[in-house]
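Reading through the structure tokens given below for one structure.
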Amino acid sequence: MAPPRRRRTGQSRRAQYGRFATYVVAVGGVVISLFLLALSVLDPRAFQAVRNLAIDVTAPISRAGSFVVSEVTSFSQSVGDYFEAGRQNGELRDRVRELEGQLTQAQAAQLENDRLRALLQLRDTTADEVAIGRLVNSSWDSARRYAILSAGSEQGVAYNMPVRAPEGLVGRVVTVGNWGARVLMIIDGASTVPVRSARDGTPALAVGTGDSELRVELIEVGTNPFRPGDMIVTSGVGGIYPPDIPVAEIVRIEGDFAIARPLAAPSRVDYAIVQPLYQPAAVPPSEGGSAPAEAPR
Amino acid sequence: MNRIAGSTGAILYHDYKRKLVPAVTTILAVLLGLFPVVVTMPLGPDIGFLFLLGWRLLRPEIWPPTAALAFGLFDDLVSGNPIGQSMALWTSIFLALDLIETRVAYRDFWFDWLYAVVAIAFHIAAAWYIAVLMGSPTAFVQLLPQLGITILAYPIVARMIYGLDRWRLA
């Protein structure tokens, strides 16, 4: 049907003008929000103050409910375990046998490590933790992979600090409120973590794919040295992530890439540890570090 | 149930219920995004958007297109989208629906669902493109399950809104 020729809302001038003004405001609003969006795309840290405030308001809501959900999740997990008990039993027995062998090797390696450390008089450079928080929520209806952590600047958390769980790396902080922080998880497409293979030290970059996996890209061109089952750990390059945090396990090889599954599955991680930047002097001030400005040539 | 209000208080109650139920339920639906689950894949439907769309398709007269600006700002702040994303997308969907409604006289549930499918697809694709612009180059394929789930969730949300609407006007 063609639109009616006279689109007057009625005889009242006031109603007509009011309706017209609504459309002017709505179209203007779309233009302004596209402008705001362009600002956010050009500078992801735009409007930080407003968003920090929003985190503070919303984090307690997620925190209050997280207890209930973790109870429900663990219940369904135990029901599943009950039905798979037989098969799991066999698998676990094999695994224990395998691990006992590895344990002996590890103990030997540990002894040798201690000896060499003493020889070199190395300090144990385990970075201390800034804060411990709970991962209370993640974006479950958008393509980005953010999580909300229940610790903020009151606890000393700052922009770009690495976040890890006991199992492995979770991500880094991108928005800091007073009592909450938003974490960019390593599986987000915008996350890149410098890593190396734990077996032979091959350097690589672990890029998020947006679903539950990581794409491991080699830095040096050549044959792909990764094999399924290899562990990758952070390499410390870039100054944000401290070295030797476990990141992921390679699950398959795809040409020049390897696909890895994060060790700290974000859906099961409860508590996360925020660590300070590894080398603040290597990170530019705009990224939260304290690198000196480049000397003029 | 007594449909005749007996006192000024009862009149006020019914008045506010009639006016506020759509906005309050939409805001609560947006807040559902804060539900404390941590997931690795985008699977859940954007319930806030579905509620907004459901109310808009059922009762075109309750909200001017500018209402979508306010709801969009709220959603951007709550869900961590770049500010302006939901504002721009939701308001342009409202404006497009206004344009369509002056041209199409016939209306039933299947038409509403059709409009909803187009709006949902546009919303998810545009949000994905914005994420790509912001340096998160994920494959669109992994949003297809979410797209399907959201489209199938619309009738359920619409049912809930019809119920709320009957309660609101009762």
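Derivation of every value follows stated rules applied to the coordinates shown; laboratory data play no part. Every value quoted in this text rests on a predicted model; they were computed, and no experiment measured them. Here Cβ is always computed from backbone atoms with ideal geometry, including for glycine, and neighbour counts include all displayed protein chains.
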Give me a single rounded figure for A:21-30: the average over its residues of other chain Cβ atoms within 10 Å of their Cβ. 6
Volume of the Cα convex hull of the stretch A:128-234, divided per residue and given in Å³: 113
May I ask you to derive the relative contact order of chain B, considering only C-alpha pairs under 8 Å and at least 6 residues apart, and to give it as an integer percent? 27
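If you stretched the chain out fully between residue B:129 and residue B:32, how much longer would it get, using 0.36 nm times the residue separation minus the C-alpha to C-alpha distance?
So the chain would gain 32.5 nm between residue B:129 and residue B:32.
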With residue A:178 itself left out, Lys, Arg at +1 and Asp, Glu at -1 over residues whose Cβ is under 11 Å from its Cβ give -2
When the dipole is taken about the Cα centre of the stretch B:8-169, and only Lys, Arg (+1) and Asp, Glu (-1) are charged at their Cβ, what size is it in debye, to the nearest 20? 360
Taking 51 Å as R0, compute the FRET efficiency from the Cβ-Cβ separation of residue A:97 and residue B:117 and round it to 0.05. 0.40
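Over the whole of A:183-189, what's the average partner chain Cβ count within 10 Å per residue? Rounded to a whole number, please.
Mean inter-chain Cβ contacts per residue within 10 Å come to 3.
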At 7 Å along Cα-to-Cβ for each site, give me the label-to-label distance between residue B:70 and residue A:287 in nm. 4.2
Quick one: length gained pulling residue B:167 to residue B:109 fully straight, 0.36 nm per residue minus the C-alpha distance? 18.9 nm
Could you pull out which residues in the stretch B:45-71 have an amide N less than 11 Å from a spot 7 Å beyond the Cα of residue B:101, following the Cα-Cβ vector? B:55-65
Within the under-11-Å Cβ sphere about residue B:167, not counting residue B:167, Lys/Arg +1 and Asp/Glu -1 give a net charge of +3
Assuming R0 = 56 Å, can you tell me the calculated FRET efficiency for the pair residue A:221 and residue A:15, based on Cβ-Cβ distance, to the nearest 0.05? 0.20
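Ranked from highest to lowest mean number of other Cβ atoms within 10 Å per residue, what is the order of the peptides B:105-117, B:48-60, A:189-201?
Those peptides, ordered most packed to least, come out B:48-60, A:189-201, B:105-117.
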5 Å is the cut-off here: which amide hydrogens, built 1.01 Å from N in the peptide plane, fall below it relative to residue A:165, excluding neighbours closer than 5 in sequence? A:170, A:273
For the stretch B:8-169, what is the largest minus smallest coordinate of the Cα atoms on each principal axis, given in angstrom and ordered from greatest to least? 57, 38, 26
Set the Förster distance to 60 Å, then compute FRET efficiency between residue A:244 and residue B:159 from the Cβ-Cβ distance, nearest 0.05. 0.65
Taking the protein assembly as shown and counting helices only, DSSP H stretches of n ≥ 4 at -39,500 (n - 2.57) each over all residues, the nearest-500 ellipticity at 222 nm comes to -17000 deg cm²/dmol
